[in-house]
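For reference, the structure discussed in these notes is given below.
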Amino acid sequence: SASDKGGWSSFMAKEVSEQPDAVANTLRGRIVDGVVVIPELAEFGDDALARIRRIVIIACGTAAYAGQVAKYAIEKWAKVPVDVELSHEFRYRDPVLENDTLVLSISQSGETMDTLMAVKYAREAGAVAISICNTQGATIPRESNAVIYTHAGPEVAVASTKAFVAQIAALYLFALHLARVRGTLSSAELLEQTAELQAIPEKIATTLLQGDAVRQLATWMTDSRAVLFLGRHVGFPIALEGALKLKELAYIHAEGFAAGELKHGPIALIEPGQPVFVVVPSPRGSAHLHPKVVSNIQEIRARGARVIVIAEQGDAAVLPFADTVIHIPLAAPLFEPLLAVVPLQLFAMELATAKGLDVDQPRNLAKSVTVE
Ligand code: G6P
């Protein structure tokens, strides 16, 4: 049941392990003969979705990082400009909303007050609001024009894990649906990307097999004072999420950066022994970005950084420069975040556990923040 740990040492350990199901259940029934079908959006009609000129994603915390990942997919596939905004920043600055703007909110609980206020504001301003939510009948979906539920199952641990991958899965379904009604991807491309999405649960299961290696790494790193995370393209929001998990669970100062920004500031932080996680894009799928990130790795390694690389299975280019390599299965570029986030979740959980901390109930945090 939702209220017991089912033999796991924590709810978080259980929920991390449930991620293949969280994604599979979110996809279930929504892909028919290889084509995405979202009945929840039927009332809009394809015409209305085809007319959208801009999407504003609003969310807080981990959900906002799911939104940042989805921006890459929506713009690539559906060719609609996407802005990702923290709910509380959006709500109080007189944002420009037109009636062809779609506001897409993301919330595990559906009760986050900042996000709820932003949705209400957007609707009053005349925008159409769709919510991505994990909790049936919650307030945010009730205040929205439509809801696409994630089916991650109840998430008990304060730090969000399985809801995050389920949010990305739901957002990708939405992006593929949008691409179809807007005619921005061919049928062959739609089928190919949809098949990639369907292959994710099994690939997450494979990634989870890295648990022991990550635990060992975490055990060595309990004395770290600060940890940096670098990523590029969809790996950037994953770097941010990896840093957030470490702050939340292990109370270690952690910061995520876009790898391309390294030389514009963060490289000044690198000194001998500084641990840096690097999310490396695929050498096959992202042949144009891979060498740039490898050269970032060389730059920080030359300054003594302790480099922990998350790279695609078979990526030989990173091996000479990494202290530790964690492998993820092959996936198309936009799908890598669903895999790369897993070792980062495990790392934060294992490091917090090694420090004797309560991973389900970190200090000062609440599962759902129902005040502004
Ligand atoms: C809290 C939780 C986070 C979560 C955020 C947004 O801060 O501790 O884990 O990401 O709220 O929550 P929501 O329910 O809106 O996804």
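The values are calculated or read from the model by the stated rules, or taken from the named source; none is laboratory data. On a predicted model such as this, the values are computed, not experimentally measured, just so you know. Using ideal geometry, Cβ is built from the backbone for each residue, glycine included, and neighbour counts are taken over all protein chains shown.
With respect to the conditions (1) more than 30 Å from Ala352 (Cα to Cα); (2) touching a residue at least 60 places away in the same chain (Cβ under 8 Å), Ser131 falls short on a single one, namely (2). Listed by first and then second residue, the pairs with beta-carbon distance under 9 Å, at least 6 apart or on different chains, first residue in the range 246-271 and on the phi > 0 side of the Ramachandran plot, second among the charged types (D, E, K, R) and within 16 Å of the ligand (Cβ to nearest atom), are Tyr251/Arg363.
Might you let me know whether the range 68-77 holds any residue that is crowded, with 18+ Cβ neighbours inside 10 Å, within 30 Å of Leu191 (Cβ to Cβ), modelled with pLDDT of 95 or more and out of contact with any helix residue (DSSP H, G or I) (no Cβ under 7 Å at 6 or more places or on another chain)? Can you show your working first?
First, pick out the residues of the range 68-77 that are crowded, with 18+ Cβ neighbours inside 10 Å: 68-74, 77.
Next, only the ones that are within 30 Å of Leu191 (Cβ to Cβ) stay: 68-74, 77.
Checking which are modelled with pLDDT of 95 or more leaves us with 68-74, 77.
Filter again for out of contact with any helix residue (DSSP H, G or I) (no Cβ under 7 Å at 6 or more places or on another chain), leaving 71.
Scanning the range 68-77 turns up at least one residue that is crowded, with 18+ Cβ neighbours inside 10 Å, within 30 Å of Leu191 (Cβ to Cβ), modelled with pLDDT of 95 or more and out of contact with any helix residue (DSSP H, G or I) (no Cβ under 7 Å at 6 or more places or on another chain).
The residues of the range 165-204 that are of a type in the set (S, T, N, Q), outside any helix (DSSP H, G or I) and either in contact (Cβ under 8 Å) with a residue 40 or more places away in the chain or buried (at least 24 other Cβ atoms within 10 Å of the Cβ) (or both) amount to a single one, Thr184. With the structure loaded, tell me whether Thr370 is within 16 Å of the ligand (Cβ to nearest atom) and farther than 25 Å from Asp21 by Cα or whether it fails that test. Spelling it out, Thr370 is indeed within 16 Å of the ligand (Cβ to nearest atom) and farther than 25 Å from Asp21 by Cα.
Test Ser107 against the stated conditions and say whether it is among the hydroxyl-bearing types (Ser, Thr, Tyr) and either in contact (Cβ under 8 Å) with a residue 40 or more places away in the chain or at positive phi (or both). Lay out the reasoning, then the answer.
Values: among the hydroxyl-bearing types (Ser, Thr, Tyr): yes; either in contact (Cβ under 8 Å) with a residue 40 or more places away in the chain or at positive phi (or both): yes.
So Ser107 passes the test.
Going through (1) part of a loop (DSSP other than H, G, I, E, B); (2) within 19 Å of Arg182 (Cβ to Cβ); (3) within 16 Å of the ligand (Cβ to nearest atom); (4) not acidic (Asp, Glu) one by one, Ala70 falls short only on (1). Whenever a residue of the range 215-240 is without any contact (Cβ under 8 Å) to a residue 60 or more places away in the chain and part of a helix (DSSP H, G or I), its partners that are aliphatic (A, V, I, L, M) and surrounded by 22 or more Cβ atoms within 10 Å (Cβ to Cβ), lying with C-beta atoms within less than 6 angstrom and at least six residues away or across chains, give the pairs Ala239/Leu230; Ala239/Val279. Only one of the numbered conditions (1) within 16 Å of the ligand (Cβ to nearest atom); (2) buried (at least 16 other Cβ atoms within 10 Å of the Cβ) is violated by Leu365, and that is (2).
Just to be sure, is Glu85 farther than 24 Å from Ala366 by Cα, touching a Gly at 6+ places or on another chain (Cβ under 9 Å), more than 9 Å from the ligand (Cβ to nearest atom) and outside any helix (DSSP H, G or I)? So Glu85 fails the test. Pairs are defined by a Cβ separation below 7 Å, a sequence spacing of at least 6 or placement on different chains, a first member in the range 84-103 that is aliphatic (A, V, I, L, M), and a second member that is part of a helix (DSSP H, G or I) and buried (at least 16 other Cβ atoms within 10 Å of the Cβ); the pairs so defined are Val84/Ala64; Val84/Gly67; Val84/Gln68; Val84/Lys71; Leu86/Ala64; Leu97/Ala122; Val103/Val119; Val103/Ala122. Filtered by the rule that a residue be at pLDDT 95 or above and farther than 29 Å from Val156 by Cβ, the range 78-100 gives Ala78, Lys79, Val80, Pro81, Val82, Asp83.
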